[in-house]
Structure formats: structure tokens, C-alpha cells
1. Using Cβ contacts closer than 10 Å as the measure, can you line up TRP97, TRP325 from fewest to most?
2. When the Cα centres of region 345-406 and region 75-114 are compared, how far apart do they sit, in Å?
3. If you rank LEU337, LEU277, LEU183 by fewest surrounding Cβ atoms within 10 Å, what's the result?
4. Please rank ASP27, ASP56, fewest neighbouring Cβ atoms within 10 Å first, as an exposure proxy.
5. Enumerate the residues in region 377-412 having an amide nitrogen under 15 Å from the point lying 7 Å beyond the Cα of ASP39 toward its Cβ.
6. Check LEU87: other-chain or 5+ apart residues with amide H under 5 Å from its amide H, H built from backbone geometry?
Amino acid sequence: MCFKSPEPLFDANTKQKKKRIAGVDQDELLDPALLADPDSYFCEFRGVQIHHKVYDAESQAHNSLQNQTLSQVPNQTKKVRLPMVLLHGFGASVFSWNRVLKPLAELTGSKVLAFDRPAFGLTSRVNLSTVTHSSHGNEDGKPLNPYSMAFSVLATLYFIDFLAAEKAILVGHSAGCLTAVNLYFEAPERVAALILVAPAILSPLIVRKVVEGKQLGRENQMGEDSLDLSSLKNPFLRLSKILLKCFKFVAQAIMRMAKGMAVMLNSLYKKLLSAILRSALAVMLVRMVIDKFGIAAIRNAWYNSSLVTEHVLHGYTKPLRTKGWDRALVEYTAAMLTDTGFESKPPPTKRLHEITCPVLIVTGDSDRIVPSWNARRLAQLIPGSYLEVIKHCGHLPHEEKVEEFVSVVEKFLQRVFGESEKQCLQAVT
């Protein structure tokens, strides 16, 4: 009797089995497209295959009407007819929005789109060396880092165009709120409203600083005026004023020189930091952190951790099966810490008082990631904004308290767009 001899357990050609990360096997990593859901879509934007999902309430309503008699058609409240773009937070993906895609679309009577920002979900992980040599760049000719804030802003604008909309409602969660707010300051005419969920936007004492700055300006002006009046009578004051201007000129020259040195040192610091963050050691640290704390962080984001089912864990850890996920997270972190895309403008946290579109801020009362007091502070900084605190809820209101979340969004939309519609009708009549 013949039989095939068993293969040796170990030989020179056998690869050492890689360690599992957060329970996910790292031996056979796949292209993101191979992990897609039946309702997944991909589109190319500046060399990146962006994974997204869309729910179209209008087409769904049309299909359902064809299957109903007229008497069966339910009464519906007035829809705002504005599309939504959903922006997930750090470590999340389109999966985070799965349970609210349909309800939000039915609420607005329009399309709702969620996409995975680069480094997350099933959007392709791009090698920066290929981007450097590609034609996808900024207006100044420099290559656009796909892991940068500027890229996320442009990708969001692309999807607003993709929805064939003049403007859209932006819904950001946690770090996704930064993308939403940055987009507003880049193109406010494209934003119908902002809904900031557990916003990871820290803004300490901004209002106070602005007020103090204005007060200081008034005091300085009064001081100069009084000095001008006095100098007409006293030659010594006139001389002191001339000397003061000379000292001021010298001080400004020194400050300009110091600022130039600071810019140079800052540039060197960022280059050094970037090199460290992109090292093999950094990749190893990312893998270690995700493995040790990834699952715990997911559970910690919920008020009721018993709701974190295997389905939820699988949704959050599936991206760990994609090729290059660890390197992409390193690149994202490096981009966030060394990004210079918006350096010529004041940071959004110092411009919150300039926001004029309708704003809703939603937070869970038991958020352990971004405490609810931060949301309350933001509400005070953004004029006319609305704040909703959902009880017995953690960092993920749109996942943990779906019905309450959709309800507060509906109330906000009716309050804002319903009132504007009434005002238009009153003006016509």
C-alpha cells in the first residue's frame, strides 16, 4: 500500500507564523476590496481607492410606492431634501454608521453617504513614495499626502459633488468633526449644517482670550491717544515717544528674526519627528498598542459594554486584515502631528465663533473618551449652536442609542430648516 509521506512540520522554506493582532490573523492580509460588503462601493480619488456606502431614500421610496396602493402610503413629515456626508472618527470606519444610514436618509428624504478616510476601513492603503512621483498634488505643485487633513477635506468635497449637491449636511464623529469643521472654513457655501457627535475638538478659553484681546486693543488705543495730547504740551514726553518708537522698531526686528529662527527650528523638529514616526520601531509600537488595547478601547467607548457583540468587534477589527494597515496608521499619525496644509490660516479651534451655519452638538453623558463637558464648552463657543446630551450613553451615540440619536437629529433639522421654510412662506404671502 502506497501513501504520501507527511510533510515535515518545519523546513527551511516554512514561514514563521505571524502573531495575531487583536485576535486577527496577520498571515494572509488582503486587498481591501476583497473584504467589501455587498453594499460597498469604491471610487478613485487622487490615486486612492475610497470605500464608501450610499443609501438613497428617494429611489427606495419610489420602489416602495410601486408596491403599495395609494391608501397604503403613510403620511410623512416634510423632508429637508439635503444629502448628508458622514465622517467617522479615529479607528472607526463606515461600519460605525451602518445602523443610521437608512434612518438618516429617510429623515432627510435624500442620499446619505459615508466613506472611509485613508488609513481606516477598506479604503486603499497608499505608499507615499508612489504619491510623491504621481501627478496628484496641491495647487503649489507639492504632492498631497493622502493621510493629511487637506486630503480628507478635498475628498469630502468630492463626495458632495458626487451627490450632485450644491451643499450638504456634514455629520462628523469624534476626530471626524475636525474634518467637518476644516471643510466649513475652506468652503462654507457647501455646508448646509454641521452635526458634531462627541466632537474631539478641544478649545480651552478661546472666548475669554478673544474678549481680552479686544479689551487690550482698546486700552492701548486710549493710551496712545492720551500720549498724543500730552506730548503737545511737554517736550520731554515728545522725546520719550520718539525713543519708545525706536525701541519698538528694534523689538519688532528682533521678534521677526526670532520668528524666522523658530520657523527653521520647527521645520527641523517636524522632519525629525516625521522620521521617527515613520520608522520600523513606530510600526512595531502601533501593532503592539492595537493588540494590547484595541479591543479594550472599543468596549470603553460604550456606556454599556455588554452591547459590544462579536458582530461589533468584527466590524471594528476587520480593517486589520488589510495589507499595510499598520504602516497606514503610522503615516496618518505622522501627518496629523506634522501636517502643514493649513498652517497659513488660524486653527479651526480659534475660529469657532465665526461659524454661521446651523450646528448641532451631540454627546453622551457618560463619554469616557471625549467628556461631555467638552461638548458643552464647544456649544458656548459656536454662536447659535444646539446641544443635545443623551443619557446613559458613551462615545458612540449613533451606535449605542440609535433611536435617540436619530430623534435629536430630526428635532434639529425640523427646528432649523422647518423654521426657515416657514419664514420664506410668510415672506411670499
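1. Arranged by neighbour count, lowest to highest, TRP97, TRP325 become TRP325, TRP97.
2. Each part reduced to its Cα centre gives a spacing of 17 Å.
3. Final ranking by Cβ density, sparse to dense: LEU337, LEU277, LEU183.
4. Sorted ascending by nearby Cβ count, the order is ASP27, ASP56.
5. 399
6. Amide H neighbours of LEU87: VAL171, GLY172, HIS173.
Every number in this text was worked out from the coordinates using simple rules, so none of it is lab data. Everything quoted here is computed from the prediction, not taken from an experiment. When we count neighbours, we look across all protein chains shown, and the Cβ atoms used for this are built from the backbone with ideal geometry, even at glycine.
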